[in-house]
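Novice: So that we are looking at the same thing, I have put the structure below in structure tokens.
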Amino acid sequence: MPPKSKVDLYAAIRPDARVGMSNRALQRRYGVGFRTVRAAMESVWPEPRQQPPPRKARVDAFKSAIDHMLRADLDAPRKRRHTVKRIFDRLLDEHGAVEVTYPMVRAYVAVRRPQIRIEAGRRPLNAFIPQTHMPGAGSRGRLRRRDDPSGRRAGQGLPVLDAPVVLRQGGVPRIFASCGQEAFFEGHVHSLSVLGGVPCGKVRYDNLRAAVARVLGLSRAWVENERWTAFRSHYGIESMYCRPGLEGAHEKGGEEGQIGWFRRNHLVRVPSLNLPVEALD
């Protein structure tokens, strides 16, 4: 079977060359040229393929006009901004762009509109900062309700509340039979007791209802629950919240991994919990 890639080809050529096979024999065996054999002997990693220069597109001559329309939208009310269809119509009427198609304009606007907002300071640049933390710093809190049979009483599934506090050096998981705010507070008291103090720096939370009363758009603006504000103020907890939706999915992977580890190691097989009847009310 021939090698699957150029890296595999190089890896196959080099051992044969070490045992004394000539360059010409290697060419015949692998069906390659002199330069390929020489490149395989010089480096285990093939040189990247040279990309051809980008071809000129028919929309290039009208990019400045499109940019001008998009910049005019920065100060326009939302309902008076250019749609892609309106930009395309204006190019036809005002600039005679008969050779430009609608998909060309749509593809360019999709890329250029957010760039113009960033250039004008109307939108933050998407970036990240690598995080390193000492033990106990950079902690995360999470409550999640799971209506599944991970906890059972008399053969009946319970709404189980995972309340882990995840640290860079470990976590403090606990399970409650209630999803109320009282369980959220109790989980904090238990975690702080186990840790022996309050984590330094900010504690990261998901946008759970027990802590956040309302999220203001897809940003880091929120209205906290007043009882939670008083609670964390009492203990001196400095909180921050993950961005909602897919934009913040990468910010809360640690606690998801800790919950999965706890479930696989402590809830398999499914335990039977002898809870009092009032715990289910």
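Novice: I need a count of the residues in the stretch 83-96 that are among the acidic types (Asp, Glu) and open to solvent by 100 Å² or more (accessible area, probe 1.4 Å).
Specialist: Here the count works out to 2.
Novice: Every residue in the stretch 237-273 that is modelled with pLDDT of 75 or more, among the basic types (Lys, Arg) and in a loop (DSSP other than H, G, I, E, B), please.
Specialist: Scanning the stretch 237-273 gives a single hit, 243.
Novice: Before we move on, is residue 61 at pLDDT 90 or above, surrounded by fewer than 13 Cβ atoms within 10 Å (Cβ to Cβ), out of contact with any helix residue (DSSP H, G or I) (no Cβ under 7 Å at 6 or more places or on another chain) and over 30 Å from residue 201 (Cβ atoms)?
Specialist: no
Novice: Can you confirm whether the stretch 173-183 contains a residue that is of a type in the set (Asp, Glu) and in a loop (DSSP other than H, G, I, E, B)?
Specialist: no
Novice: Any chance you could count how many residues in the stretch 15-52 are open to solvent by 90 Å² or more (accessible area, probe 1.4 Å), modelled with pLDDT of 90 or more and either under 42 Å from the mean Cα position of the chain (by Cα) or closer than 18 Å to residue 5 by Cβ (or both)?
Specialist: 2
For every residue, the table says whether it meets (1) among the basic types (Lys, Arg); (2) in a helix (DSSP H, G or I); (3) modelled with pLDDT under 70; (4) open to solvent by 70 Å² or more (accessible area, probe 1.4 Å).
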| site | (1), (2), (3), (4) |
| --- | --- |
| 186 | no, yes, no, yes |
| 194 | no, yes, no, yes |
| 217 | no, no, yes, no |
| 231 | no, yes, no, no |
| 275 | no, no, yes, no |
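Novice: Which one of these does residue 99 not meet: (1) touching a residue at least 24 places away in the same chain (Cβ under 8 Å); (2) surrounded by fewer than 14 Cβ atoms within 10 Å (Cβ to Cβ); (3) within 34 Å of the chain's Cα centre (by Cα)?
Specialist: Against the list (1) touching a residue at least 24 places away in the same chain (Cβ under 8 Å); (2) surrounded by fewer than 14 Cβ atoms within 10 Å (Cβ to Cβ); (3) within 34 Å of the chain's Cα centre (by Cα), residue 99 comes up short only on (3).
Novice: Continuing with the same structure: How many residues does the stretch 69-82 contain that are surrounded by 11 or more Cβ atoms within 10 Å (Cβ to Cβ) and either part of a helix (DSSP H, G or I) or of a type in the set (S, T, N, Q) (or both)?
Specialist: 6
Novice: For a quick check of your reading of the model, give me the residue pairs whose first member lies in the stretch 177-189 and is under 13 Å from residue 228 (Cα atoms), whose second is open to solvent by 50 Å² or more (accessible area, probe 1.4 Å) and assigned to a helix (DSSP H, G or I), with beta-carbon atoms closer than 6 Å and at least 6 apart or on different chains.
Specialist: Within 6 Å, no pair qualifies.
Listed here are the residues, each with its yes/no results for (1) in contact with a Leu (Cβ under 7 Å, 6 or more places away or on another chain); (2) of a type outside the set (D, E, K, R); (3) closer than 22 Å to residue 110 by Cβ; (4) in contact (Cβ under 8 Å) with a residue 60 or more places away in the chain.
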position: 11; (1), (2), (3), (4): no, yes, no, no
position: 34; (1), (2), (3), (4): no, yes, no, no
position: 39; (1), (2), (3), (4): no, yes, no, no
position: 53; (1), (2), (3), (4): no, yes, no, no
position: 63; (1), (2), (3), (4): no, no, yes, no
position: 76; (1), (2), (3), (4): no, yes, yes, no
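The values are calculated or read from the model by the stated rules, or taken from the named source; none is laboratory data. Just so it is clear, the model here is predicted, and its values are computed rather than measured. FYI the Cβ positions are ideal-geometry reconstructions off the backbone, even for glycines, and counts take in every protein chain you see. Note: accessible area is taken over every heavy atom of the protein model, side chains too, but ligands, DNA and RNA are not part of it. Shrake-Rupley method; radii C 1.70, N 1.55, O 1.52, S 1.80 Å.
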